[in-house]
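The values are calculated or read from the model by the stated rules, or taken from the named source; none is laboratory data. Bear in mind that the values here come from a model prediction, so they are computed numbers and not experimental data. In this analysis, Cβ positions are derived from the backbone assuming ideal geometry, glycine residues included, and neighbour counts consider all displayed protein chains.
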Amino acid sequence: MALDTHGQQQNLIKPPHVAIVPTPGIGHLTPLVELAKLLLVHHNFTITFIIPNDGLHLAPQKKLLQALDPQAISYIFLPPVSFDDLPNDVMVEIKMVLTLTRSLSALRDELIVLIQSTRLVALVVDLFGTDAFDVANELHVSPYIFFTTAALSLSLIFHFPHLHETTTCEYRDLPEPIQLPGCVPLHGRDLTDPVQDRSNEAYKVMVRMCKKHRSAAGIMVNSFVDLEPGAFKAFKEQGQGLPPVYPVGPVIKMGSVDGFEGNECMKWLDKQPNESVLFVSFGSGGTFSQEQMTELALGLELSGQRFIWVVKSPNETAKNANYFSVQGSEDPLGFLPNGFLDRTKEVGLVVPSWAPQVQVLSHRATGGFLTHCGWNSTLESIVHGVPLIAWPLYAEQRTNRALLVDGLKVAVVVKCNDKGIVESQDIAKYVRGLIEGDEGKLLRNNMKGYKEAAKLALSQEGSSTKSLAEVAQVWKSLNT
């Protein structure tokens, strides 16, 4: 018995340890890495990343993890899973969830090792990782979610099982907007892609995943109280049946410039007037058809405004073609209209595939951001006070657009023609309006207000700092 007590004392002397399990995609790993840094620096946690492995495109993930402090943050890649049994057109979200569910046995083995060798107090997953809860509960480890998008989307997830049971039509055909407590009204067509076809396997996966969110021991949200006050107030008021919700954002990459393209972008920006440049980027996964890419190029040229455009090779079938694959070997610049680079060389900088987004957004010369409305990009814009042209492509980006345009009033939204194409003359109009027009001034002022609010939330006595400290305190009190 005395030995057992001694063992417990030994365990309490060890720093509390957290296991973090991201689902595939660099956009999911990045905020989790930033969360890990906060837990280490401010709360003395040690961390292990356990990475389910889709067998593809792991170089960016490895690069990100190798840059961390190896004394405090370690990482393990689980054995790759196979998707050979899946049809080629399976939705990205199904692959993300299956990468985790097919790794549960390997995850369980790694968690057992951590339980034996560290003082493991919590398992943290992202919003697609809730199938790991079964393993966490079996091993008596508290399961938490780091919800890497808006509180609006979390509200929708809590409400979704009810929506599923009380409607039979496709959500895009709902006659009235969905009213979520404390949130901007949402049209059914603005819901995330995997729920837009009730007969698709992805729909069943989403229903199951949404139900599992309620069984988390707690949910940290990458947003902050002053950005979405109504939603966070409603979570508190709903109380019973919901896990505790902690607004801990904005948790974003602060990063440094690396690589030739990074330096080239910054040198070019240094020569431009204040708030005169539009940054054009559609995230790590976003892609366009050749026709849309051509319209975008001509629209930027027609606008007469300065721009930095991160160009990717076109794809005719998917808007998220780069999510699970390495950028094609073809030079994306070869798909631009003839003469475009020569005609715009005085006002534009075109960079293939990648640019140092955080540095570009934080630069004094950047006056607007044409974006897919991914949540990481959205938070980076807010932290740096850059207004937006919202062009959602996939996943929950249309939901984010509703928040940005209708709720926060920091973005103007693009409109498509009957073929689903945003035309060049419209693009030119949006760009001029944002950089030079009165509407742009209004959006910029609104965004600067949220920039100040974000700064306050992350200050020493700020709401998000206190919220994360609350989570840390709960974890430290667990004597596992």
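Examine the stretch 149-158 for a residue that is β-branched (Val, Ile, Thr), at pLDDT 95 or above and touching a His at 6+ places or on another chain (Cβ under 6 Å), and state whether such a residue exists.
yes
Return the residue satisfying two criteria in turn: it lies in the stretch 106-118 and is of a type in the set (S, T, N, Q) and part of a helix (DSSP H, G or I), and of such residues it is farthest from PRO15 (Cα to Cα).
Out of the qualifying residues, it is GLN116.
Name, by its number, the condition in (1) over 30 Å from ALA318 (Cβ atoms); (2) outside any loop (DSSP other than H, G, I, E, B); (3) out of contact with any Pro (no Cβ under 7 Å at 6 or more places or on another chain) that does not hold for VAL121.
(3)
From SER381, SER353, grab the single residue that is within 21 Å of LEU29 (Cα to Cα) and surrounded by 24 or more Cβ atoms within 10 Å (Cβ to Cβ).
None of the others qualify; the one that does is SER381.
Can you tell me which residues in the stretch 454-469 are of a type in the set (Ser, Thr, Tyr), more than 19 Å from THR378 (Cβ to Cβ) and assigned to a helix (DSSP H, G or I)?
THR465, SER467
Quick test of your reading of the structure: ASN417 fulfils all but one of (1) over 19 Å from the mean Cα position of the chain (by Cα); (2) of a type outside the set (Ser, Thr, Tyr); (3) assigned to a helix (DSSP H, G or I). Name the failing condition by number.
(3)
Do the conditions hold for LYS448, that is, is it more than 23 Å from VAL195 (Cα to Cα) and under 25 Å from the mean Cα position of the chain (by Cα)?
Criteria met by LYS448.
Examine the stretch 74-89 for a residue that is assigned by TED's automatic domain parsing to the domain that holds PRO16, of a type outside the set (Ser, Thr, Tyr) and part of a helix (DSSP H, G or I), and state whether such a residue exists.
no
Got a number for residues in the stretch 35-63 being assigned to a helix (DSSP H, G or I) and under 23 Å from ARG119 (Cβ atoms)?
Number of matching residues: 9.
Run down LEU341, LEU403, LEU361 and say which single residue is outside the structural domain of LEU127 (by TED's automatic domain parsing), at pLDDT 95 or above, under 26 Å from GLN61 (Cβ atoms) and in a helix (DSSP H, G or I).
LEU361
Out of (1) free of Cβ contacts under 8 Å to residues at least 60 places away in the same chain; (2) among the polar types (S, T, N, Q); (3) surrounded by fewer than 18 Cβ atoms within 10 Å (Cβ to Cβ), the odd one out for GLN425 is which?
With respect to (1) free of Cβ contacts under 8 Å to residues at least 60 places away in the same chain; (2) among the polar types (S, T, N, Q); (3) surrounded by fewer than 18 Cβ atoms within 10 Å (Cβ to Cβ), GLN425 is out only on (1).
I need the full set of residues from the stretch 169-200 which are farther than 19 Å from ILE94 by Cβ and either modelled with pLDDT under 95 or assigned to a helix (DSSP H, G or I) (or both), in order please.
Within the stretch 169-200, ARG172, ASP173, GLY188, ARG189, ASP190 meet the criteria.
Between residues in the stretch 226-240 that are surrounded by 13 or more Cβ atoms within 10 Å (Cβ to Cβ) and residues that are at pLDDT below 95, which pairs lie under 8 Å by C-beta distance while being six or more apart or on different chains?
PHE235/LEU242
Would you check which residues across the stretch 83-100 are polar (S, T, N, Q) and either within 15 Å of GLU138 (Cα to Cα) or modelled with pLDDT under 95 (or both) and list them?
ASN88
Which one is surrounded by the fewest Cβ atoms within 10 Å (Cβ to Cβ) among residues in the stretch 304-338 that are in contact with a Phe, Trp or Tyr (Cβ under 7 Å, 6 or more places away or on another chain) and at pLDDT 85 or above?
The extreme case among them is PRO314.
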